[in-house]
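What follows is one structure encoded as structure tokens, with my remarks underneath.
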Amino acid sequence: LHLLLPRMIITDQSLAMTRKFLVRANERSDFEYLARQPVWQGQTLNILLTHLELAQYNRRLINWQIENALYQDYVLSPLITRNPGEQINWRRLLWEECFPYINHESLPEDAAKIVVRHLRERITIATGPNLPRDIPTIWLRQITDEVGFEIVYVAALRSIGVPARLTSRQQAEFWDGGKWANAPRPLVVDQ
């Protein structure tokens, strides 16, 4: 079951089997939260389980405390833009890239500064038509526009356990432990 279930397409039946055989009691609430998200049609259980497992791993390792609702909506959730067709298979990619740089940080703001610096070294922010805004394509091509950069920035913060979201102006903000704050900005975006 551990090998076969993750390869299955998400259905009510495959979710029930996963719930029964793969999800630990302490992960049940987060699993149920993810299973309710409206993005799983046509996706494999592996993507859902990856979001669950890496977010749970971060929850155990990261020092900052986050309320459960905040954690589920702004760390665990794979939805950044809430646009139809949003690509949600990004957590492992960004976690593997960013976590080694922040694993000793004790403040979300310090982690965010490291992440934004790393993203700017990796991704070019350009202007022009048809630049990608979905996370896997941005990462593969290493180019996007300002909005695409903010989207990948939010996802990268979430991948390392920092609650993050887009503002109404399409800019990244993060939970600093007491309030929502503007995420540290790369200089090229602020100009």
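The values are calculated or read from the model by the stated rules, or taken from the named source; none is laboratory data. Just so we're clear, the structure is a prediction, and the values are computed from it rather than from any experiment. In this analysis, Cβ positions are derived from the backbone assuming ideal geometry, glycine residues included, and neighbour counts consider all displayed protein chains. With ligands, DNA and RNA removed, areas are computed over all heavy atoms of the protein, side chains included. Shrake-Rupley method; radii C 1.70, N 1.55, O 1.52, S 1.80 Å.
Brief remarks on what is shown
- Long-range neighbours under 6 Å by Cβ, at least six apart or interchain, first residue crowded, with 24+ Cβ neighbours inside 10 Å within the stretch 143-172, second among the β-branched types (Val, Ile, Thr) and in a strand (DSSP E or B): PHE149/ILE125
- Candidates in the stretch 182-191 are the residues that are aliphatic (A, V, I, L, M) and open to solvent by 20 Å² or more (accessible area, probe 1.4 Å); of these, the one that is modelled with the highest pLDDT is LEU187.
- Scanning the stretch 41-53 for residues that are open to solvent by 10 Å² or more (accessible area, probe 1.4 Å) and of a type outside the set (Ser, Thr, Tyr) turns up GLN41, GLY42, GLN43, ASN46, ILE47, LEU49, GLU53.
- Yes/no for GLU96 being open to solvent by 40 Å² or more (accessible area, probe 1.4 Å) and either under 12 Å from ALA156 (Cα atoms) or at pLDDT 95 or above (or both): yes
- As a summary of the residue check, SER106 satisfies the conditions (1) in contact (Cβ under 8 Å) with a residue 40 or more places away in the chain; (2) in a helix (DSSP H, G or I) except for the one numbered (2).
- Qualifying positions in the stretch 55-73 - open to solvent by 60 Å² or more (accessible area, probe 1.4 Å) and either under 13 Å from VAL39 (Cβ atoms) or not aliphatic (A, V, I, L, M) (or both): TYR57, ARG59, ARG60, ASN63, GLN65, GLU67, ASN68
- For the stretch 59-81, a residue qualifies if it is in contact (Cβ under 8 Å) with a residue 60 or more places away in the chain, more than 13 Å from the chain's Cα centre (by Cα) and outside any helix (DSSP H, G or I), and the qualifying residues are ILE62, TRP64, GLN65, ILE66.
- Summed over the stretch 99-116, residues that are in contact with a helix residue (DSSP H, G or I) (Cβ under 6 Å, 6 or more places away or on another chain) and open to solvent by 50 Å² or more (accessible area, probe 1.4 Å) total 2.
- Note on the stretch 117-142: among residues that are within 12 Å of LEU94 (Cα to Cα) and open to solvent by less than 20 Å² (accessible area, probe 1.4 Å), the one that is nearest to the chain's Cα centre (by Cα) is ILE135.
- Checked against the criterion of being of a type in the set (A, V, I, L, M, F, W, C), more than 18 Å from ARG165 (Cβ to Cβ), in contact with a Phe, Trp or Tyr (Cβ under 9 Å, 6 or more places away or on another chain) and outside any loop (DSSP other than H, G, I, E, B), the candidates LEU34, LEU15, LEU1 yield just one match: LEU15.
- Residue in the stretch 82-96 that is nearest to the chain's Cα centre (by Cα), counting only those that are under 19 Å from GLN37 (Cα atoms) and touching a residue at least 40 places away in the same chain (Cβ under 8 Å): ARG91
- Selection status of TRP180, aromatic (Phe, Trp, Tyr) and within 24 Å of ILE47 (Cα to Cα): no
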